[in-house]
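One structure is given below, encoded as structure tokens.
The values are calculated or read from the model by the stated rules, or taken from the named source; none is laboratory data. Computed from a predicted model, the values in this text were never measured in an experiment. Virtual Cβ from ideal backbone geometry, glycine too; neighbours counted across all protein chains shown.
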């Protein structure tokens with residue numbers, strides 16, 4: 001293989017598997033050296049292409065799609081799905097009406113945020129692992145800080161609960177996930193100290209300058225997270 | 001009758017879940033490559049991000065037409081290139097104030113981090129006909145055949161452009177070296 005063809009082939013694709021190229025390089029050390037140089041250059045080019053990706057891009061791409069989805073569900077779904085949805089909604093509403101613990105607007109928003117599909121999405125955004133530093137960075141906007149051993153946080157995202165900006169933490173408990181919401185005390189509307197629906201139980205309490213809401217499937221688990229929060233989080237100002 | 005309606009709602013929502021899972025996997029797995037490719041193609045962070053958002057929105061709408069996850073990369077790039085082309089159509093036909101037109105900032109790519117700066121400058125100064133196939137090969141990992149199909153060129157032309165792209169980068173680096181500038185990898 002002549003020099004020019006060799007160089008052209010390598011430059012066009014430094015990872016070429018062309019047997020003629022491999023053979024030519026074997027027989028001529030200067031060709032092999034050229035190949036190595038080109039691979040090194042390519043490694044540099046590859047590294048140079050790795051520009052930083054905006055932190056919130058994944059979040060935006062997932063959110064935009066869910067907005068789109070909501071619009072579509074309003075506009076384009078055929079009538080019988082709307083009917084099926086209203087049947088489901090009616091079932092949920094009547095369940096709530098005859099339920100023992102009627103929930104307030106805030107509480108029902110809380111339940112909406114701890115839906116399995118929703119939680120999965122949130123955990124996905126955080127890639128299932130959040131370090132204390134970034135939890136603290138987000139808590140800081142509520143003047144809060146974790147000082148002690150709080151447990152494993154798998155997701156920390158801002159959420160809107162009935163138009164109030166809150167921080168939604170998902171915490172790994174012993175028997176499943178527990179949700180904790182942080183809201184500024186000044187903005188909380190009334191939410192019952194203890195509330196529940198068929199599957200979940202929740203508790204809310206004041207912690208210095210913040211209102212904390214904890215929701216989970218298991219009462220003992222919820223109480224434990226509440227204790228941990230009281231022991232290891234401080235809110236100032 | 002009551003239970004039948006419920007069943008329907010349930011199966012619709014499980015289809016939605018499946019669709020959402022596929023979409024989320026796509027976003028998680030490919031957003032970084034797709035964004036980087038868009039940035040190198042467009043050379044403006046804000047526009048690149050917009051185009052990526054439009055691309056994924058279209059992907060979401062038509063995800064049912066993607067039968068083979070292995071083809072997802074080329075599928076997304078095809079959508080992205082079409083979205084990017086639409087940008088120029090719009091520009092051409094809309095009468096806009098000059099202030100409204102986003103002007104590409106050549107520093108967007110170069111100044112992001114100091115290392116690789118020289119190389120980035122050279123890469124972004126390549127003309128688009130060379131830069132695009134090179135980025136498809138390097139960022140997206142496309143073969144010569146895949147690039148040819150994507151750009152609607154024949155394979156020989158693609159290989160020649162890839163060769164020239166690297167040749168120009170090498171020449172530019174050597175020229176810098178001759179001037180006594182240091183090159184950082």
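Some points to look at:
- Count - residues of the range B:151-165 that are touching a helix residue (DSSP H, G or I) at 6+ places or on another chain (Cβ under 9 Å) and either exposed (fewer than 15 other Cβ atoms within 10 Å of the Cβ) or over 9 Å from residue B:130 (Cβ atoms) (or both): 10
- For the range B:50-70, the tally of residues that are exposed (fewer than 12 other Cβ atoms within 10 Å of the Cβ) and either within 9 Å of chain A (Cβ to nearest Cβ) or part of a helix (DSSP H, G or I) (or both) stands at 3.
- Note on the range A:8-24: residues that are touching a residue at least 12 places away in the same chain (Cβ under 8 Å) and buried (at least 18 other Cβ atoms within 10 Å of the Cβ) amount to 6.
- Members of the range A:166-188 that are out of contact with any strand residue (DSSP E or B) (no Cβ under 6 Å at 6 or more places or on another chain) and either modelled with pLDDT of 90 or more or surrounded by 13 or more Cβ atoms within 10 Å (Cβ to Cβ) (or both): A:173, A:184
- All positions within the range A:119-150 that are surrounded by fewer than 17 Cβ atoms within 10 Å (Cβ to Cβ) and within 20 Å of residue A:183 (Cα to Cα): A:132, A:133, A:134, A:136, A:137, A:140, A:141, A:143, A:145, A:147
- Any hit, the range A:143-165, residues being out of contact with any strand residue (DSSP E or B) (no Cβ under 7 Å at 6 or more places or on another chain), within 29 Å of residue A:60 (Cβ to Cβ) and assigned to a helix (DSSP H, G or I): no
- Selection over the range A:39-60 of residues that are at the interface with another protein chain (Cβ under 7 Å from one of its Cβ atoms) and assigned to a helix (DSSP H, G or I) gives a count of 10.
- The residue that is farthest from residue B:139 (Cα to Cα), among those in the range A:25-38 that are surrounded by 14 or more Cβ atoms within 10 Å (Cβ to Cβ) and more than 12 Å from chain B (Cβ to nearest Cβ), is A:28.
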